[in-house]
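One structure is given below, encoded as structure tokens.
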Amino acid sequence: VQLVESGGGLVQAGGSLRLSCAASGSTFSIDAMGWYRQAPGKERELVAVITNGGDTTNYADSVKGRFTISRDNAKNTMYLQMNSLKPEDTAVYYCHAQSENVKSGRTYHYWGQGTQVTVSS
């Protein structure tokens, strides 16, 4: 599975951005997907996750009510709509996907290369 993010950029505080994550390869095996971010000098943190069917989502407290995660399995693409952006949202945003081999029970993790989001005050 290969993941490619797009949609990052520079935006003023209060603005919006929409990130996309396009999956290719063995996409049929993908289960849950999510967005993580890593700011300079900080550890990578979970932003939002979504189940395969898109029926369940979870968000970090810091982005609840401002960010919305979604996915279009027909297009093998996941999105992150980010509204009311704050300077503290500045980070590299990474797409993550996981799949499980039912026979072995092993879980596989895949990461995109990241896209920079910079929010100016």
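The convex hull of the Cα atoms of the chain, projected and averaged over all directions, covers 7.4 nm². Among ASN58, ASN76, ASN101, the largest mean-square fluctuation in a Gaussian network model of the chain, built with springs joining Cα atoms closer than 10 Å, belongs to ASN101.
All of the numbers you see were taken from the coordinates with simple rules; none came from a lab. Predicted model only: the values in this text are computed from it and were never measured.
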